[in-house]
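Contents: one structure, followed by commentary.
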Amino acid sequence: MFPVIKNDLIAPKLHRLVVSAPRVAVARKAGQFVIVRQGVGEERIPLTIGDADPQEGTITLFVQAIGTSTQKIVNTPAGGSLLDVAGPLGMPTEIKTWGRVACVGGGVGTAVLYPMAKALAAAGNEVTTIIGGRSKSIIILADELAAFSHDLRISTDDGSAGCKGFVTDSLGSLLVDEAVRPQAVLAVGPAGMMRAVAEQTRPYGIHTVVSLNPIMIDGTGMCGGCRVQIGDEIKFACVDGPEFDGHQVHFDGLVKRLAMYKAHEENCRLLAS
Amino acid sequence: MTNNLSPKERLAISRALMPAQDPVARSRNFKEVNLGLDEESAIKEAQRCLLCKSRNCVSGCPVGVSIPEFVGALAEGDLAKAATILQRDNALPAVCGRVCPQEAQCEAECLRGKKGESVAIGNLERFVADWALHHPQQLAPVETAKSRGKKVAVVGCGPAGLTVAGELIGKGHDITIFEALHDTGGVLRYGIPEFRLPKEIIDIEIDRLVARGVKIECNVIIGKTLTLDDLQKEFDAVFLGNGAGLPVLLGIPGENLNGVYAANEYLTRVNLMGAGQSEECTTPIVRGKRVAVIGAGNTAMDCVRTARRLGAEAAMIVYRREEAQMPARLEEVHHAKEEGVQFVMLASPLEIGGDTDDWVRWLRCQKMMLGEADASGRRRPVPVEGETILLDADVVINALGTSANPLLTATAPDLVLNRWGNITVDANAATSLPGVFAGGDIVRGGATVILAMGDGKRAAQSIDNYLKSS
Ligand SMILES: Cc1cc2nc3c(=O)[nH]c(=O)nc-3n(C[C@H](O)[C@H](O)[C@H](O)COP(=O)(O)OP(=O)(O)OC[C@H]3O[C@@H](n4cnc5c(N)ncnc54)[C@H](O)[C@@H]3O)c2cc1C
Ligand SMILES: Cc1cc2nc3c(=O)[nH]c(=O)nc-3n(C[C@H](O)[C@H](O)[C@H](O)COP(=O)(O)OP(=O)(O)OC[C@H]3O[C@@H](n4cnc5c(N)ncnc54)[C@H](O)[C@@H]3O)c2cc1C
Ligand code: SF4
Ligand code: SF4
Ligand code: FES
């Protein structure tokens, strides 16, 4: 049992949970995730470790309620508990001093991006953070990111916060200007957004890292379900990733595999409602 | 009851048939297929045993179960005695009685099998073990050993780790098992389906160990949550029984299409997560109408029979050799056939094709024939030039096998591995690191339950010796 210490709603459907998981809190590095099972009969799902406090023995999770399992998790109140939390899993973010780094986050991807951007800034990079979403209400962690970012740029589709437009517009303006062009780009968000970023940086040959989110079960390389095609090779995102060279990722396959259980999920929602 | 039949009388008894669920009904449910012998037929079967002095059967058992003794006690109707002997020699008899490839082990060596049918040792083992599980009060309680103040960490809660834990708790050591998944049993839980090995049996065995003082911590991944180094600092000895959980990929076009599963994923969804088995389980699984399973070992049989139970109209085994060469247990093949599984032999997968949404539609195979015998004496399959076989399929399952998972070993650079990534051990199950022992599939590659347990038994002895001298 892993007690939930805090559970705050920070944007529509998006919760910040502080969970007691002492061993994970000590071992965890930026970019790693845990596999969570809320209760008996529930699915095992991957969630990035947003932050950790090794002294307190807690980890922070940012969870967007999009389906059955994430809904059950965000419905767990402080004082309740998650049945299983296993990790930290995956390879940590490669923290190098690149110089200028642009960190691009979309939707809940911003939460996944947060620990990586923080670690990159701590390593002495000049971090420009670009976050975005449909509208103001789903912009999260702006203050937390601003605290270590050289520059924080916000874009919303409807212009209700920051600039009107997509994160890629904002990134584009950095790329064209040689004086501010980043040496590395990190992008986390929906597959479509990550693909767009990778296509944008490809002509400049800028090192581009994306964090992939295929469907997982064990998270230890045992089931092969999280396989993604990277260049000519098949990799397991849970052990070889979740971060990969964005220029090598076959996004088409990823998007199609993510839809594998769509019919089932819809069925579950119908049953639940 | 006495067991003083003449050899002639024993020879006159014919082998007891294992009663089973009706094939049509069971091919649509997950309940255990074999129903177990009743007491009368078990005793009669036991009386077939000639109690040979040569004990050939025992030499066929990797852990040396005292077969004539336990079978003899059963033939006398003394179930408690039979159970005590069996439990002394084998930590998981109810499991082994069900899943050992007996025809290649103990029963292969049975003298009665030389002319006619061997004694049904596996079925008798199952009978006695099940009786013991349900009559614990009739057995002498296991004595708790005096604490010796040494701590041992066991990595992995499969048959190898469980055996080590059982042996060492009995010698007074303090045992903690660390398991990566959220539940116990290893392949017994996530791999072998309910219809062959009910989960209840694993639960009872685990409860017995916990009652004896073994601590089990799930959700701890050694190499990630804790390192081997951490364990070496905190414990006096470590046993690595982390299994061979890494799927071998097909390496053919179409492997990443929707509806293509590695056997481990397919079985884990159904067995560990309960997908397709109850409405309460939220883990999804694709229920194919036409399911092609590549491979012909126990794993392949488990997948294909699971597919039938999930509703497949056509469930096929696709294998590049012939039926006689299939590595699965005979009983599994026999049961699969009864359940309507189709066997596509001499077919080697070339390509998986899909539709525009990347869903599997077909599997194309190279037609094979058997050529010259190779070094192992098996005739090698060779392609029949220009001939292919096209199978309609909406789910394809890769059951080619598994290899060593590097998650743990990659974080222990000083641990010596062989070229396949398996941990190298000496005859005492000792690895290259002092105080670190290993056994089971992580040493052998995918093998059998009883071999993993044999390794565990040997390792436990070595660990005990090591702790005495340290
Ligand atoms: C390494 C990794 C880290 C992640 N970190 C976070 C995080 O920090 N916070 C967070 O909120 N989410 C994160 N996710 C995504 C999260 O795991 C999924 O949202 C979750 O599995 C959906 O489960 P569900 O039962 O609630 O939704 P479902 O009912 O299973 O699915 C709802 C919809 O989402 C799709 N879907 C299913 N699985 C995924 C998936 N893995 N990713 C995206 N879409 C999916 C389905 O096809 C369906 O359309 C991460 C995923 C990975 C692989
Ligand atoms: C589908 C299937 C059917 C089979 N059928 C039969 C059969 O009929 N008869 C037979 O004799 N054999 C059968 N086998 C083979 C048999 O199950 C294995 O040989 C046996 O389970 C090996 O035991 P083990 O203890 O070495 O490993 P496993 O049973 O694999 O257990 C290893 C355990 O370690 C855990 N683990 C792995 N890595 C870590 C880590 N880093 N930290 C912590 N824990 C970790 C795993 O989660 C797992 O629980 C079958 C195998 C499969 C896959
Ligand atoms: S453990 Fe397996 S091989 Fe040994 S006697 Fe029992 S069934 Fe036969
Ligand atoms: S070899 Fe067969 S008949 Fe002889 S003791 Fe063993 S089981 Fe009995
Ligand atoms: S989640 Fe099973 S191999 Fe990655």
Breaking point among (1) open to solvent by 40 Å² or more (accessible area, probe 1.4 Å); (2) assigned to a helix (DSSP H, G or I), for A:VAL239: (1)
Regarding region A:167-179, can at least one residue be identified that is in contact with a Ser or Thr (Cβ under 6 Å, 6 or more places away or on another chain), aliphatic (A, V, I, L, M) and away from ligand 5 (no atom under 16 Å from the Cβ)? yes
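Within region B:146-155, does at least one residue satisfy the condition of being more than 16 Å from ligand 1 (Cβ to nearest atom), open to solvent by 40 Å² or more (accessible area, probe 1.4 Å) and at positive phi? Talk me through it step by step, then tell me what you get.
From region B:146-155, those more than 16 Å from ligand 1 (Cβ to nearest atom) are B:146-155; that's our starting set.
Narrowing the set further to residues that are open to solvent by 40 Å² or more (accessible area, probe 1.4 Å) leaves B:146-151.
So of that shortlist, the ones also at positive phi come out as B:149.
The answer is yes; a qualifying residue exists.
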Options B:ALA275, B:ALA300, B:ALA263, B:ALA244; residue that is at pLDDT 95 or above and facing chain A (nearest Cβ under 10 Å): B:ALA263
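Condition check ((1) over 15 Å from B:ALA91 (Cβ atoms); (2) charged (D, E, K, R); (3) over 23 Å from the mean Cα position of the chain (by Cα); (4) open to solvent by less than 40 Å² (accessible area, probe 1.4 Å)) across all residues:
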site	(1), (2), (3), (4)
B:ALA160	no, no, no, yes
B:ALA165	no, no, no, yes
B:ILE177	no, no, no, yes
B:HIS182	yes, no, no, yes
B:VAL187	yes, no, no, no
B:ILE202	no, no, no, yes
Among the candidates A:ALA86, A:ALA142, A:ALA25, A:ALA121, residue that is touching a residue at least 40 places away in the same chain (Cβ under 8 Å) and among the small types (Gly, Ala, Ser): A:ALA86
Filtered residues of region B:256-265 (kept if farther than 20 Å from B:ALA447 by Cα and either part of a helix (DSSP H, G or I) or open to solvent by 10 Å² or more (accessible area, probe 1.4 Å) (or both)): B:ASN256, B:LEU257
Meets criteria (in the same structural domain as A:VAL108 (by TED's automatic domain parsing), under 19 Å from the mean Cα position of the chain (by Cα), at pLDDT 90 or above and within 12 Å of ligand 1 (Cβ to nearest atom)) for A:ALA198: no
Collect the residues in region B:20-53 that are open to solvent by 30 Å² or more (accessible area, probe 1.4 Å), touching a residue at least 24 places away in the same chain (Cβ under 8 Å) and either among the basic types (Lys, Arg) or touching a strand residue (DSSP E or B) at 6+ places or on another chain (Cβ under 8 Å) (or both), keeping them in residue-number order. B:ALA20, B:ARG28, B:LYS31, B:LYS44
Exception for B:CYS365 within (1) open to solvent by 30 Å² or more (accessible area, probe 1.4 Å); (2) touching a Pro at 6+ places or on another chain (Cβ under 6 Å) falls at (1)
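Being in the same structural domain as B:GLU179 (by TED's automatic domain parsing), open to solvent by less than 10 Å² (accessible area, probe 1.4 Å) and in contact with a strand residue (DSSP E or B) (Cβ under 8 Å, 6 or more places away or on another chain) is the requirement here; does B:ALA430 meet it? So that I can check it myself, show each step before the final result.
Values: in the same structural domain as B:GLU179 (by TED's automatic domain parsing): yes; open to solvent by less than 10 Å² (accessible area, probe 1.4 Å): no; in contact with a strand residue (DSSP E or B) (Cβ under 8 Å, 6 or more places away or on another chain): yes.
Spelling it out, it is not the case that B:ALA430 is in the same structural domain as B:GLU179 (by TED's automatic domain parsing), open to solvent by less than 10 Å² (accessible area, probe 1.4 Å) and in contact with a strand residue (DSSP E or B) (Cβ under 8 Å, 6 or more places away or on another chain).
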Those residues of region B:80-104 which are within 17 Å of B:ARG329 (Cα to Cα), more than 11 Å from the chain's Cα centre (by Cα) and either within 16 Å of ligand 5 (Cβ to nearest atom) or surrounded by fewer than 24 Cβ atoms within 10 Å (Cβ to Cβ) (or both) amount to B:GLU103, B:ALA104
Which condition from (1) touching a residue at least 60 places away in the same chain (Cβ under 8 Å); (2) out of contact with any Pro (no Cβ under 6 Å at 6 or more places or on another chain); (3) part of a loop (DSSP other than H, G, I, E, B) is the one that A:GLY221 breaks? (1)
Please report, ordered by residue number, the strands (runs of 3 or more DSSP E) entirely within region A:1-91 with at least 2 residues that are on the phi < 0 side of the Ramachandran plot and either charged (D, E, K, R) or away from every other protein chain (no Cβ under 13 Å) (or both). A:2-11, A:14-20, A:45-53, A:58-64
B:GLY454 vs. criteria at pLDDT below 95, within 16 Å of ligand 3 (Cβ to nearest atom), in the same structural domain as B:VAL220 (by TED's automatic domain parsing) and crowded, with 17+ Cβ neighbours inside 10 Å: yes
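Could you tell me how many of the residues in region A:92-105 are assigned to a strand (DSSP E or B) and polar (S, T, N, Q)?
Taking region A:92-105 and keeping what is assigned to a strand (DSSP E or B), we get A:100-105.
Right, trim to polar (S, T, N, Q) and you get none.
Residues that pass the stated criteria total 0.
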Of the conditions (1) within 14 Å of another protein chain (Cβ to nearest Cβ); (2) open to solvent by 20 Å² or more (accessible area, probe 1.4 Å); (3) away from ligand 5 (no atom under 12 Å from the Cβ), A:ILE215 clears all except one; give me its number. (3)
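The values are calculated or read from the model by the stated rules, or taken from the named source; none is laboratory data. Not measured: the values here are computed from a predicted model. Here Cβ is always computed from backbone atoms with ideal geometry, including for glycine, and neighbour counts include all displayed protein chains. SASA here: full protein model, heavy atoms, side chains in, ligands and nucleic acids out. Shrake-Rupley method; radii C 1.70, N 1.55, O 1.52, S 1.80 Å.
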